[in-house]
Amino acid sequence: QVQLVESGGGLVQPGGSLRLSCVASGNMFSAYGMAWYRQGPGKQREFVAGISSGGIAMYASSVRGRFTISRDNARHTVYLQMDSLKPEDTAVYYCKSPRDGYDYWGQGTQVTVSS
């Protein structure tokens, strides 16, 4: 059983920055990839960024160059640094841990980009 707890969301002005964190319980954190997804108002959940167990990152085209995903295996934590935020980045952001054919999800953290 894996539990994921996100934090770091909030209200920010366009052009601002936020850093999201996701802490994972359980063992073997370093052996699995992690990912961030988001779901905006009236939209489907979409992939934002992922990082492999070896630290290789990939991004959705909409956030590439603005967002950075990273991980700290000692802290069982994955981060999402979000810069140059836009109103269209407004969404609930979810952390996902795919393990052995099952996807674990966090409860989400709200990010609102507005002036």
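Across the range 16-56, what is the number of residues that are of a type in the set (Asp, Glu) and over 28 Å from Ser114 (Cβ atoms)?
0
Quick test for you: out of Gly10, Gly55, Gly40, pick the one residue that is closer than 18 Å to Gly108 by Cα and either free of Cβ contacts under 8 Å to residues at least 60 places away in the same chain or of a type in the set (Asp, Glu) (or both).
Gly40
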### Query
Counting only residues that are touching a strand residue (DSSP E or B) at 6+ places or on another chain (Cβ under 8 Å) and of a type in the set (Lys, Arg), which one in the range 63-72 is surrounded by the fewest Cβ atoms within 10 Å (Cβ to Cβ)?
Arg66
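Yes/no per residue for (1) open to solvent by 60 Å² or more (accessible area, probe 1.4 Å); (2) among the acidic types (Asp, Glu); (3) under 20 Å from Leu4 (Cβ atoms); (4) assigned to a strand (DSSP E or B):
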{"site": "Trp36", "(1), (2), (3), (4)": "no, no, yes, yes"}
{"site": "Pro41", "(1), (2), (3), (4)": "yes, no, no, no"}
{"site": "Gly50", "(1), (2), (3), (4)": "no, no, yes, yes"}
{"site": "Ser61", "(1), (2), (3), (4)": "yes, no, no, no"}
{"site": "Ala74", "(1), (2), (3), (4)": "yes, no, yes, no"}
{"site": "Pro98", "(1), (2), (3), (4)": "no, no, yes, yes"}
{"site": "Thr112", "(1), (2), (3), (4)": "no, no, no, yes"}
### Query
Would you call Ser30 hydroxyl-bearing (Ser, Thr, Tyr) and part of a helix (DSSP H, G or I)?
yes
### Summary
Per the list (1) on the phi > 0 side of the Ramachandran plot; (2) open to solvent by 70 Å² or more (accessible area, probe 1.4 Å), residue check on Lys86 breaks on (1)
### Task
Go through the range 13-34 residue by residue and tally those that are open to solvent by less than 20 Å² (accessible area, probe 1.4 Å) and either free of Cβ contacts under 8 Å to residues at least 12 places away in the same chain or of a type in the set (A, V, I, L, M) (or both).
3
### Task
Look through Thr68, Thr77 and report the one residue that is more than 17 Å from Arg45 (Cα to Cα), without any contact (Cβ under 8 Å) to a residue 24 or more places away in the chain and under 13 Å from the mean Cα position of the chain (by Cα).
Thr68
### Message
It is to be established whether one or more residues within the range 86-96 are part of a loop (DSSP other than H, G, I, E, B) and either under 26 Å from Gln1 (Cα atoms) or free of Cβ contacts under 8 Å to residues at least 12 places away in the same chain (or both).
### Response
no
### Task
May I ask you to verify whether Val48 is touching a Lys or Arg at 6+ places or on another chain (Cβ under 8 Å), touching a residue at least 40 places away in the same chain (Cβ under 8 Å) and of a type outside the set (Gly, Ala, Ser)?
yes
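The values are calculated or read from the model by the stated rules, or taken from the named source; none is laboratory data. Values in this document were obtained by computation on a predicted structure and should not be read as measured data. In this analysis, Cβ positions are derived from the backbone assuming ideal geometry, glycine residues included, and neighbour counts consider all displayed protein chains. Protein only, heavy atoms only, side chains kept; ligands, DNA and RNA dropped before computing areas. Shrake-Rupley method; radii C 1.70, N 1.55, O 1.52, S 1.80 Å.
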